[in-house]
1. Under the condition of being away from ligand 1 (no atom under 15 Å from the Cβ), small (Gly, Ala, Ser) and farther than 15 Å from Ile97 by Cβ, which residue from region 193-210 is most open to solvent (accessible area, probe 1.4 Å)?
2. Out of all the residues in region 159-177, which are near ligand 1 (Cβ under 8 Å from one of its atoms) and loosely packed, with under 12 Cβ neighbours inside 10 Å?
3. I'm trying to understand the selection: among the residues of region 345-373, which are of a type in the set (S, T, N, Q) and not in a helix (DSSP H, G or I)?
4. In a loop (DSSP other than H, G, I, E, B) and farther than 23 Å from Asp304 by Cβ: does that describe Arg140?
5. Cβ-Cβ distance below 6 Å, separation of 6 or more or different chains: which pairs start in region 43-59 with a residue that is closer than 21 Å to Thr92 by Cα and end on one that is more than 16 Å from ligand 2 (Cβ to nearest atom)?
6. Only one of these is over 30 Å from Arg206 (Cβ atoms) and in contact (Cβ under 8 Å) with a residue 12 or more places away in the chain: Leu349, Leu324. Name it.
7. Every residue in region 211-237 that is open to solvent by 10 Å² or more (accessible area, probe 1.4 Å) and either part of a strand (DSSP E or B) or within 16 Å of ligand 2 (Cβ to nearest atom) (or both), please.
8. Output yes when any residue across region 154-163 is farther than 30 Å from Trp240 by Cβ, more than 18 Å from the chain's Cα centre (by Cα) and not hydroxyl-bearing (Ser, Thr, Tyr), and no when none is.
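The values are calculated or read from the model by the stated rules, or taken from the named source; none is laboratory data. Quick caveat, the model's predicted, so the values are computed rather than measured. Here the Cβ positions follow ideal geometry from the backbone for every residue, glycine too, while neighbour counts run over all protein chains shown. Surface areas here come from the heavy atoms of the whole protein model, side chains and all, with no ligands, DNA or RNA. Shrake-Rupley method; radii C 1.70, N 1.55, O 1.52, S 1.80 Å.
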Amino acid sequence: MRTQIGIVGAGPAGLMLSHLLHLQGIESVVLEKHSRRYVEERVRAGVLDQGTVDLMLTTGVGRRMKELGLVHYGIELRFLNSGHRIDFKDLTGGLGITIYAQQEVVKDLTNARLAAGGQVFFEVGDVSLHDLDSQRPKIRYGGDGDASELQCDFIAGCDGSHGICRSSIPNGVLTIFERDYPFGWLGILAEAPPSSDELIYAYHERGFALLSMRSPTLSRLYLQCRRDEDINEWSDDKIWTELQRRLAAKKRTLVEGPIIQKGVTGMRSFVAEPMQYGRLFLAGDSAHIVPPTGAKGLNLAVADVRVLSAALGDFYASGDSDLLNKYSEVCLRRVWKAQRFSWWMTSMLHRFDDNGTYDRRRQLAELDYVTSSRAAATTLAENYVGLPIDPICVEHERKYQERSPR
Ligand code: FAD
Ligand code: PHB
């Protein structure tokens, strides 16, 4: 088999890339190791920033998001038992976020690709990459006498943090920057109406808690816990009691309901540089991970493939490799700002093991500052709703739309 772009992974990065390439007439094949059902049911992110929302709308995959997504123009920071609103609309000149589950984005993109005759293959095992530093890189997959080979012009490694693409790059090429945090998040999905209209990020002496949601009848909540927390030690009652404590405010209790999903996620900051080797380009979690406190992971994955699709578009339209050569540099500018923001939100809101009096006082001073200074609140707001898209992408998309008006 032959294709222009071989894409490993059908998460948000891989599917959005395939979609954006298709709109420019570039062919791709997506290879995913899990079943379609598994990928479409995996509960993960929920916050789409303004850049992701706009891209979904302008590229024709935003209809369900527009219908079902919850548009928010602020979040609440809660500490010392009182809530403080960060007003995104006011602070950013009208921008906001949309609450729409990652698996719904994945469904919309998969449906769009398949409806357009796109090639997305699920349950593909034993994927390996070959000849990455040649003009004809290859993906081999499916072992046990059933092996196939996909010859490509380029390969996009969109296979998440545990994929095989990053580790296919020879030793010594990548520099890894990372930071582990001494805690994780215990996340639940509950059949209960959200107890607040907007997300609440709570700083509490027992640890961080987050109130989020998926719909008017589904709540998504998180609790800071140990990295190696055993979920079996957390009965539904124990989870609700702890959430009530940490998210408490005067005269307000959370509406409880049956917990239909729960799990523990470790917290990590990670960047691999550069995001390219030969004809392999890494995008999304395969190249970088942020702790979820800034709600940036999915949005960063989408921003990467926006750059990659522009670079590949230029290459096929005019043979110009300039943007392809700059891919890593352009992406990393945004990646490091998202790293900084996610690290900052995490450091401000969590209880650290060594939370001595000094650190706790400093965190409370930071929260006081962020919620009382317009300048400080604006830095939170503009990062949360998403920093502007790189002008290189905006220019490419404008040129492309002029050439082929939709
Ligand atoms: P993935 O979604 O991981 O997709 C990679 C795909 O590759 C997967 O389908 C995987 O099965 C497949 N794959 C892996 N290995 C192979 C292989 N060898 N062969 C073929 N296929 C393979 N981000 C936000 O922006 N906002 C949020 O609110 C937010 N909340 C989060 C909450 C939690 C609890 C967690 C865990 C994450 C959250 N994130 C959030 C982060 C977000 O979920 C990720 O950043 C996002 O999934 C990255 O997309 P991706 O396409 O790069 O990788
Ligand atoms: C979510 O709704 O899953 C969510 C919201 C905000 C975050 C992380 C996760 O910072």
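1. The selected residue is Ser195.
2. Scanning region 159-177 gives a single hit, His162.
3. Once the filter is applied, which keeps residues that are of a type in the set (S, T, N, Q) and not in a helix (DSSP H, G or I), region 345-373 yields Asn355, Ser373.
4. Values: in a loop (DSSP other than H, G, I, E, B): no; farther than 23 Å from Asp304 by Cβ: yes.
It is false that Arg140 is in a loop (DSSP other than H, G, I, E, B) and farther than 23 Å from Asp304 by Cβ.
5. Gln50/Leu95; Gly51/Ile389; Met56/Gly62
6. Result: Leu324 is the single residue among Leu349, Leu324 that is over 30 Å from Arg206 (Cβ atoms) and in contact (Cβ under 8 Å) with a residue 12 or more places away in the chain.
7. Once the filter is applied, which keeps residues that are open to solvent by 10 Å² or more (accessible area, probe 1.4 Å) and either part of a strand (DSSP E or B) or within 16 Å of ligand 2 (Cβ to nearest atom) (or both), region 211-237 yields Arg214, Ser215, Pro216, Thr217, Leu218, Arg220, Tyr222, Gln224, Cys225.
8. Yes: region 154-163 contains one or more residues that are farther than 30 Å from Trp240 by Cβ, more than 18 Å from the chain's Cα centre (by Cα) and not hydroxyl-bearing (Ser, Thr, Tyr).
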